[in-house]
1. Taking the criterion of being over 27 Å from residue 125 (Cα atoms) and either away from ligand 1 (no atom under 16 Å from the Cβ) or over 17 Å from the mean Cα position of the chain (by Cα) (or both), would at least one residue in segment 83-103 satisfy it?
2. Could you check segment 33-144 for strands (runs of 3 or more DSSP E) lying wholly inside it with 1 or more residues that are within 13 Å of ligand 2 (Cβ to nearest atom)?
3. Residues of segment 15-30 being without any contact (Cβ under 8 Å) to a residue 40 or more places away in the chain and surrounded by fewer than 19 Cβ atoms within 10 Å (Cβ to Cβ), which ones?
4. Here are some residues: 41, 66. Which one is farther than 16 Å from residue 103 by Cα and at pLDDT below 95?
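The values are calculated or read from the model by the stated rules, or taken from the named source; none is laboratory data. The structure displayed is predicted, hence computed values, not measured ones. Counting neighbours? That spans all protein chains shown, and the Cβs are built from the backbone with ideal geometry, glycine included.
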Ligand code: FES
Ligand code: FES
């Protein structure tokens, strides 16, 4: 175990963790941030996607050691059930969630794209989202929701 401070959604958390432990476990088990999900544990589904220094990463494959000083953001930074952020609202409006298991990862991967490129083409959105899978098959609605935000160009809150 090694003392490590993780900065998550703008707040520092002093943890005592095995440096090899995946970030996903720290988020869910130690910080109670349950948005990111464990799907495959192999970097093949994207359910665990969070942002590290504005880039999407598979948190199931990202060791806690080495994250000190980096800005980690999870889906909880985008909004809440009571006050969803613009991207979350677009997913709600498009009824993009079925079981919802993939959605936190989808949102974070899309968020990274929209912060970098507020008006991506549909082809760019499709290519960017290709690493994230939805086993309920709502990909078309997910793409529609992201495209809607890309068209309207709403501001994306950045926290953390
Ligand atoms: S759980 Fe991380 S990519 Fe599937
Ligand atoms: S909504 Fe069920 S896995 Fe995507």
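1. no
2. Fully inside segment 33-144 and qualifying: 49-52.
3. 16, 25, 29, 30
4. On the way: 41 fails: at pLDDT below 95.
66 is the lone residue from the list that is farther than 16 Å from residue 103 by Cα and at pLDDT below 95.
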